[in-house]
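Trainee: Would you mind keeping the following structure in view while I ask a few things?
The values are calculated or read from the model by the stated rules, or taken from the named source; none is laboratory data. Keep in mind that this is a model prediction, so the values were computed, not measured. Because the Cβ atoms are built from the backbone with ideal geometry, glycine has one as well, and the counts that use them run over all protein chains shown.
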């Protein structure tokens with residue numbers, strides 16, 4: 001059993017993005033959909049393609065730090081603040097599996113590293129899917145349609161729920 005989508009939205013994605021000063025309804029939906037497609041919101045936390053709810057590979061995790069966060073000390077400090085003190089120092093990649101807020105901050109960092117143009121319309125699932133496909137896709141065979149189907153499967157009435 002994975003994480004309840006509304007709980008993940010309200011208690012992980014939204015507060016993480018707000019603490020980073022990056023919240024928007026579209027970005028919230030984009031991250032929710034990214035996690036839904038990557039791991040069905042936590043059904044599997046480790047596999048060959050990556051770790052955690054977003055399935056982020058160690059190399060990509062390190063790139064977010066080395067090529068993006070390293071150039072903004074304040075932002076890096078905020079992201080590091082999500083990580084646990086001991087585990088991060090011993091095994092920083094494990095934080096992607098055991099710490100949902102940290103994993104969400106790094107997932108946002110993947111989009112930021114790639115200079116993703118986040119769609120303005122949070123209800124435009126197809127535009128979110130194209131953004132995901134271009135900047136976050138973890139497996140080559142996945143298409144935007146997979147994102148759309150995965151995101152819509154989170155909603156019992158098949159409508160996109162816009163964050164408030």
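Trainee: Wholly within region 55-125, which helices (runs of 4 or more DSSP H) include no fewer than the required count, namely at least 3 residues that are under 15 Å from the mean Cα position of the chain (by Cα) and surrounded by 18 or more Cβ atoms within 10 Å (Cβ to Cβ)? Please lay out each step first, then the result.
Mentor: Values: elements: 58-63, 73-82, 85-90, 95-98, 100-113.
Helices (runs of 4 or more DSSP H) meeting the threshold: 95-98, 100-113.
Trainee: Looking at this structure, is residue 129 over 14 Å from residue 32 (Cβ atoms) and either touching a helix residue (DSSP H, G or I) at 6+ places or on another chain (Cβ under 9 Å) or assigned to a helix (DSSP H, G or I) (or both)?
Mentor: Taking the combined requirement at face value, the residue does not satisfy it.
Trainee: Given the conditions (1) modelled with pLDDT of 90 or more; (2) buried (at least 18 other Cβ atoms within 10 Å of the Cβ); (3) in a helix (DSSP H, G or I), report the number of the one that residue 150 does not fulfil.
Mentor: Of the numbered conditions (1) modelled with pLDDT of 90 or more; (2) buried (at least 18 other Cβ atoms within 10 Å of the Cβ); (3) in a helix (DSSP H, G or I), the odd one out for residue 150 is (1).
Trainee: Restrict the check to region 156-164 and report whether at least one residue is under 20 Å from residue 28 (Cα atoms), surrounded by fewer than 16 Cβ atoms within 10 Å (Cβ to Cβ) and within 17 Å of the chain's Cα centre (by Cα). Don't jump to the end; show me each part of the working.
Mentor: First, pick out the residues of region 156-164 that are under 20 Å from residue 28 (Cα atoms): 156-164.
Filter once more, keeping what is surrounded by fewer than 16 Cβ atoms within 10 Å (Cβ to Cβ): 156-159, 162, 164.
With within 17 Å of the chain's Cα centre (by Cα) added as a condition, the list becomes 162.
Yes, some residue in region 156-164 is under 20 Å from residue 28 (Cα atoms), surrounded by fewer than 16 Cβ atoms within 10 Å (Cβ to Cβ) and within 17 Å of the chain's Cα centre (by Cα).
Trainee: A further question on this structure: Could you list, in sequence order, all residues of region 18-40 that are part of a helix (DSSP H, G or I) and farther than 18 Å from residue 97 by Cα?
Mentor: Scanning region 18-40 gives 18, 19, 20, 25, 26, 27, 28, 29, 30.
Trainee: Another one. Among the residues of region 1-17, which ones are surrounded by 15 or more Cβ atoms within 10 Å (Cβ to Cβ) and outside any loop (DSSP other than H, G, I, E, B)? Even if it seems obvious, please write down each step before you answer.
Mentor: Going residue by residue through region 1-17, those that are surrounded by 15 or more Cβ atoms within 10 Å (Cβ to Cβ) are 2-3, 5, 8-9, 12-14, 16-17.
Once the filter is applied, which keeps residues that are surrounded by 15 or more Cβ atoms within 10 Å (Cβ to Cβ) and outside any loop (DSSP other than H, G, I, E, B), region 1-17 yields 5, 8, 9, 12, 13, 14, 16, 17.
Trainee: Then there is this: Regarding residue 24, is this residue touching a residue at least 60 places away in the same chain (Cβ under 8 Å), loosely packed, with under 15 Cβ neighbours inside 10 Å and over 12 Å from the mean Cα position of the chain (by Cα)?
Mentor: Taking the combined requirement at face value, the residue satisfies it.
Trainee: What's the number of the condition residue 51 fails, among (1) out of contact with any helix residue (DSSP H, G or I) (no Cβ under 6 Å at 6 or more places or on another chain); (2) closer than 25 Å to residue 141 by Cβ; (3) surrounded by 15 or more Cβ atoms within 10 Å (Cβ to Cβ)?
Mentor: It is condition (1) that residue 51 fails.
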